[in-house]
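Working notes for the structure below.
A short reminder: the numbers here are calculations on the coordinates, not readings from a lab. Note that the structure is a prediction, hence the values are computed from the model and not measured. Cβ: placed from backbone, ideal geometry, glycine included. Neighbour counts: every protein chain shown.
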Amino acid sequence: MSLTFGVLVFPGSNCDHDAYHVARHVFEQEARFIWHKEANLGDVDVVIVPGGFSYGDYLRAGAIARFSPIMNDVVRFAKAGGLVVGICNGFQVLCESGLLPGTLSRNASLRFSCKWTHLCTERTDTPFTGALTEGQVLRVPIAHGEGSYYAAPDVLDRLEANNQVVFRYCDADGAVVPEANPNGSARNIAGIVNEGRNVLGMMPHPERCAEGALGSADGAYIFQSLIEHFVAEHA
């Protein structure tokens, strides 16, 4: 049994092929690209909104991509319970689309940051993290200039109360400390899910570290979790 990944492509996307490669060649699942001007997603099980610089990040990251024709169907798909993953720029697009709360702003350093980070796994009861264990530390790279997650205090409190924070930046030992925060994100937040737990947004790039030859295969857990969830749901 295999599932079909639909990988969106915007002008300026540059991680679409990485996501496609992991889905199609590493995990041997069905995968296809979906151009931003298409009106519907077609028959897909998971939508990946990839990283990159959609529309050159004009205005602000994700602000223009949110109005691409395909996003209407992504919103419909997500609201119907479909699985959606937004990575880096994709996280920004999902926030702009209202599928996830909060926003991503300039890094605290005001500089582009490209380096390895560590993530502490906060929740394993989502379709994206079922193959992980609570507290498991992942080594995953970041590459962004607008990756500082922000939401109003009451929104942050609600995320915490609803157990919607999935990943936090931490040190190699799993300690969630200010020194491990690479961009100034509120409460070290690196990834969240919506209330329905079917939409994930994360700034680090799991598709860039799903094979050992790349320095870490920890990103593979995200894809593995999705596949295991799909198989369990269709058993």
Using alpha carbons only, how many angstrom separate the centre of the range 114-179 from the centre of the range 3-67? 22
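At a temperature of 10 °C and a viscosity of 1.306 mPa s, determine how fast the range 58-150 diffuses translationally according to Stokes-Einstein, using the Kirkwood radius over alpha-carbon pairs as Rh; express D in µm²/s, rounded to the nearest whole number. Each step should come with its number before you reach the end.
On the way: Rh = 14.7 Å.
Once the numbers are plugged in, D ends up at 108 µm²/s.
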The chain - share of DSSP beta bridges that are antiparallel (%, nearest 5): 60
About its Cα centre, how strong a charge dipole does the range 67-173 have in debye, to the nearest 20, once Lys and Arg get +1 and Asp and Glu get -1 at the Cβ? 320
If you project the alpha carbons of the range 103-199 onto the principal axes, what extent comes out on each, in Å, largest first? 34, 29, 21
Hey, got a sec? Which trypsin sites (Lys or Arg not before Pro) in the range 111-141 land in a DSSP loop and have at most 11 other Cβ atoms within 10 Å? Arg111
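Tell me the net charge near Leu8. Cut-off is 10 Å between Cβ atoms, Leu8 excluded, with +1 for each Lys or Arg and -1 for each Asp or Glu.
Working: positive: none; negative: Asp16, Glu38.
Cβ neighbours under 10 Å give a net charge of -2.
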Report, in debye and to the nearest 20, how large the dipole of the range 132-235 comes out about its Cα centre when Lys and Arg carry +1 and Asp and Glu carry -1 on their Cβ. 100
Report the relative contact order of the chain, percent, no decimals, based on alpha-carbon pairs under 8 angstrom and at least 6 residues apart. 20
Give the order of His229, His234 when sorted by the count of other beta carbons within 10 angstrom, beginning with the fewest. His234, His229
Among Ser54, Gly135, Ile192, which residue has its Cα furthest toward the positive end of the charge dipole of the chain, with +1 on Lys/Arg Cβ and -1 on Asp/Glu Cβ? Ser54
How big is the dipole moment of the chain about its Cα centre under a simple scheme where the beta carbon of each Lys and Arg is +1, that of each Asp and Glu is -1, and everything else is neutral? Debye, nearest 20, please. 600
Within 10 Å of each candidate Cβ there may be at most 13 other Cβ atoms; applying that plus a DSSP loop requirement, which GluC sites (Glu not before Pro) in the range 126-161 survive? Glu134
For the chain, whose charge dipole is built from +1 on Lys and Arg Cβ atoms and -1 on Asp and Glu Cβ atoms, the candidate among Trp116, Ser2, Tyr150 with its Cα farthest towards the positive end is Tyr150
Take the Cβ-Cβ distance between Ala217 and Asp154 as r, set R0 to 41 Å, and report the resulting FRET efficiency rounded to the nearest 0.05. 0.60
Farthest towards the positive end of the dipole of the chain, among Gln164, Pro206, Asn72 and with Cβ unit charges of +1 on Lys and Arg and -1 on Asp and Glu, lies the Cα of Asn72
